[in-house]
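Read the structure below first, then the notes.
Computed from the coordinates by the stated procedures, all read-outs in this text should not be read as laboratory data. In this text the structure is predicted, and so the values were computed from the model without any measurement. Methodologically, a virtual Cβ is constructed for each residue, glycine included, from the backbone with ideal geometry; neighbour enumeration extends over all protein chains shown.
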Amino acid sequence: MIFIQNDSGICQGLKDTLNIIYETYENNPDKKIYIYNNFINNRKVINELNDLDIEFIDDLSIVTKEDILIINTYGISQSELTYLKSNDIRYIDTTCKSLKTFKKELLSNYNKDKLILIINNEYSTIINNWIDNNGIIINNIDNIYNDNNKPILIVSYGNIKLEIINDIENILKNKFPNTSIQSLIYNCQYLKRVNELINENRLTTKIIVSQKEEDINNSFNNIPSFIKYVLQSNLKVSDDITLIGSVNTTIKELYNYKYLLSFLLFYKDKLEIFKNNQDKFNAFLKNENDNNLVSKVINDISYLNQDGKYIRGTLISLGEYISNPLKEDYLPLAYAYELFQTSILIHDDIIDNAKLRRGKSTIPHKICEEYLNNKNDKIYHNDTLSLANSIGICAGDLGFYLANKNIILNYHNHPKFKDILNYYNDIVIKTIKGEIIDVYIPFLNKYNYYKTKESDILDIYHLKTSYYTIIGPFTLGYLLGGKKVDSKLTDVLNKIGIAFQIKDDILGIYGSVNSLGKPNTLDIEEFKQTLLYSYIINTPYKQEFLKIYGKKKINTKELSKIRNLLYVSDSYDYVNNYLNDLYSEILDNINELELSEDNKDLIRGLLIYILEREK
């Protein structure tokens with residue numbers, strides 16, 4: 001089970017500040033609103049405020065009498081307050097109550113005849129600001145000098161262990177034996193409570209914190225690092241896991257981590273099963289009576305059919321689980337589908353003239369590597385290229401029918417056998433139809449026979465990606481469990497598939513080669529038709545863009561140029577906004593599904609995984 005602590009989520013001080021900011025924005029539509037100094041490191045919240053044109057500043061001279069200044073939860077110095085009052089600047093003070101108490105005590109103990117030592121943490125610069133930067137932020141006690149034998153005041157706010165304070169005091173007493181040493185230490189109640197929760201639960205449940213804080217294990221700044229951790233960890237579906245947010249975590253984000261974790265644990269469990277049984281399935285492909293040349297091609301298919309992400313196989317399992325959690329008949333169907341995927345990718349690599357797939361040489365490229373040599377013979381060279389593509393076509397065809405055969409052998413007695421086989425073939429047909437459009441329109445557009453429309457792109461996404469990657473495998477699993485998918489669920493799956501492809505297109509240009517397992521220039525070189533493309537060709541940047549887009553052997557400088565043009569033309573923003581709007585729409589649609597909340601969580605988690613993946 002995955003638990004969310006009732007009192008987790010963004011701390012009350014930050015929550016109050018944000019509520020006041022949003023309320024001020026709604027009540028003062030004609031006013032410019034500034035926030036003095038950044039008070040939160042949650043990038044999503046910062047972006048949301050920036051989208052409302054609420055600006056973070058560190059210079060008070062920017063603010064006029066016509067504006068509104070929000071003094072954030074961390075407060076400001078006395079001299080800054082004096083400046084605001086003397087200039088009649090309207091401000092709203094949202095300083096955290098706990099910090100206000102701490103600040104009041106600090107100022108009552110502060111004078112310039114004391115040496116103020118501030119323990120370095122995220123609050124240290126804030127505290128120093130209160131006393132007009134007259135303190136010293138401790139990084140190394142050995143570098144502290146007190147030639148005038150001033151009384152020392154050690155200051156800390158946040159989340160620091162008393163043992164550390166005691167160690168610092170003892171070091172200073174030994175270093176300055178005749179000096180008065182005092183400490184003013186306040187622990188943030190939120191962080192204190194988080195640590196107490198962790199200590200209470202450590203023996204019975206695993207703890208994951210969604211934003212990084214000191215002294216807390218298994219903490220994450222962002223979802224990609226969380227995905228990486230979970231997939232590499234020893235966490236299991238059967239584990240009891242408590243999710244706790246840090247100071248900067250909104251409750252919405254905490255639930256997103258819960259949804260994602262639900263899916264990741266399911267995915268991780270299936271991933272292990274697929275990898276452990278892959279060799280058995282690949283053995284099914286082979287026949288000891290085959291000619292050696294046939295065996296060689298089948299070995300190449302088997303080699304390519306390993307080390308994939310198994311997303312489609314996992315979705316077959318997920319569909320069966322949601323349809324009927326008591327059944328586990330998915331494995332042969334999942335392997336057949338993964339083989340279908342490998343086979344269509346072999347054909348795709350011929351169409352795209354690709355050299356790499358999953359970080360491995362494609363079958364045509366592997367043949368070229370083996371047979372192309374230094375012979376200065378044009379006929380030999382052309383024959384070798386023809387052989388490479390011909391064997392690739394044969395390999396893909398062979399994979400299609402072996403996948404079909406595997407379904408027949410394993411499910412011919414299943415009560416839904418006809419539906420399963422019929423639906424599987426429908427997926428293949430739809431995928432090929434999508435591929436036809438995807439292959440045709442770049443040529444027609446490049447040579448001015450036709451101008452690509454956004455609707456064409458969405459047709460490709462629907463046929464080639466949604467059915468092939470999301471709707472198809474999930475629905476096959478659902479049929480395997482004995483049920484038919486209703487139209488509402490199909491609509492959700494279709495939108496998730498479109499989101500998958502949009503994310504793929506963004507990664508295709510902006511992703512790293514190491515993460516993708518293939519060059520990040522392929523989409524450009526193939527003149528791939530995407531939403532990014534269909535938008536920019538209707539902007540003034542079209543001609544400059546087309547000088548590079550579609551060119552073979554793109555270099556780093558040209559890739560950088562394409563990326564920049566997509567930014568300045570607003571294409572990148574348009575597609576990301578499209579994706580974000582689609583994401584919100586899908587979440588609303590998932591809420592309306594007639595499924596249990598746990599099953600909805602798995603689908604929500606799948607969506608988040610798709611949007612946050614890096615390959």
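3J(HN,Hα) along the range 333-350: 5, 5, 5, 4, 5, 4, 5, 4, 4, 4, 5, 5, 5, 4, 5, 4, 5, 5 Hz, from the Karplus curve 6.51 cos²θ - 1.76 cosθ + 1.60 with θ = phi - 60°, whole Hz, x for Gly and Pro. Measuring r between the beta carbons of ASP588 and SER560 and using R0 = 41 Å, the FRET efficiency lands at 0.60. Here the gap between TYR303 and ASN234, fully extended at 0.36 nm per residue and compared with their Cα-Cα distance, gives a gain of 22.1 nm.
Around the Cα centre of the chain, unit charges on the Cβ atoms of Lys, Arg, Asp and Glu (plus for the first two, minus for the last two) sum to a dipole of about 1060 debye. The amide H of ILE2, built 1.01 Å from its N in the peptide plane, has ILE241 as neighbours under 5 Å, considering only residues 5 or more places off or on other chains.
Compute the distance from the alpha-carbon center of the range 113-136 to that of the range 376-392, in whole Å. Here the answer is 73 Å between Cα centres. For the range 11-95, relative contact order (Cα pairs under 8 Å, six or more residues apart, normalised by length) works out to 33 percent. Database remark: amide H of ARG357 closer than 5 angstrom to the amide H of THR362 (H placed geometrically; neighbours at sequence offset of 5 or more, or on other chains; Pro and chain starts carry no H). Across the range 359-373, computed HN-Hα scalar couplings (Karplus, 6.51 cos²θ - 1.76 cosθ + 1.60, θ = phi - 60°) run x, 10, 5, 5, 4, x, 5, 5, 5, 4, 4, 7, 10, 6, 10 Hz from first to last residue, x flagging Gly and Pro.
Between the amide H of ILE116 and those of ILE136, LEU153, distances stay under 5 Å, these residues lying 5 or more places away or on another chain, with hydrogens modeled in the peptide plane. Determine the distance separating the Cα centre of the range 296-355 from the Cα centre of the range 480-506; give it in Å without decimals. Going from one Cα centre to the other spans 17 Å. Going toward the positive end of the dipole of the range 208-348, with +1 on Lys and Arg Cβ and -1 on Asp and Glu Cβ, which of ILE298, THR250, ILE227 do you reach last? Among ILE298, THR250, ILE227, the one farthest towards the positive end of the dipole of the range 208-348 is THR250. Farthest toward the dipole's positive end in the chain, which of ILE502, ASN28, THR362, given Cβ charges of +1 (Lys, Arg) and -1 (Asp, Glu) about the Cα centre? Of the options given, the answer is THR362.
For the residue pairs LYS236/LYS600; LYS405/LYS484; LYS44/LYS451; LYS280/LYS528; LYS355/LYS503, alpha carbon separations beyond 28 Å are given by LYS44/LYS451; LYS280/LYS528. With the charge dipole of the range 223-348 set up from +1 on Lys and Arg Cβ and -1 on Asp and Glu Cβ about the Cα centre, the Cα lying farthest toward the positive end among the listed residues LEU331, ASN276, LEU260 is that of LEU260. Compared with the direct C-alpha span, the chain from SER183 to LYS553 gains 126.7 nm at full extension, assuming 0.36 nm per residue. The relative contact order of the range 286-483, computed from alpha carbon pairs under 8 Å that lie at least 6 residues apart in sequence, is 33 percent.
Distance check, please: which entries in LYS31/LYS228; LYS286/LYS430; LYS258/LYS551 exceed 32 angstrom between their Cα atoms? Result: LYS31/LYS228; LYS258/LYS551 exceed 32 Å. Give, rounded to the nearest 20 debye, the magnitude of the charge dipole that the range 486-615 has about its Cα centre when Lys and Arg contribute +1 at Cβ and Asp and Glu contribute -1 at Cβ. So the dipole magnitude of the range 486-615 works out to roughly 1080 debye. Across the alpha-carbon set of the range 11-95, the Rg to Rh ratio works out to 0.93, Rh being the Kirkwood radius. Net charge of the neighbourhood of ASN50, taken over other residues with C-beta under 14 Å away and scored Lys/Arg +1, Asp/Glu -1, is -2.
Counting only aspartates and glutamates at least 8 places from LYS65 when in the same chain, those with an alpha carbon closer than 17 Å to its own are ASP30, GLU55, GLU80, ASP88, ASP93.
Over the residues of the chain, the helix contribution to mean residue ellipticity at 222 nm works out to -19000 deg cm²/dmol, using -39500 (n - 2.57) for each DSSP H run of at least 4. Bridgeable aspartates and glutamates around LYS192 (alpha carbons under 18 Å apart, same-chain partners fewer than 8 residues away excluded): ASP7, GLU122, GLU163, GLU200, GLU213, GLU214, ASP215.
For the peptides 478-486, 230-238, residues were scored by their other Cβ atoms within 10 Å and the scores averaged per peptide; the highest-first order is 478-486, 230-238. Simple spin-label estimate for ASP51 and ASN448 gives 4.1 nm between the two label positions (7 Å along the Cα-to-Cβ direction from each Cα). Note on the range 299-369: with charges restricted to the Cβ of Lys and Arg (+1) and Asp and Glu (-1), its dipole about the Cα centre is near 180 debye.
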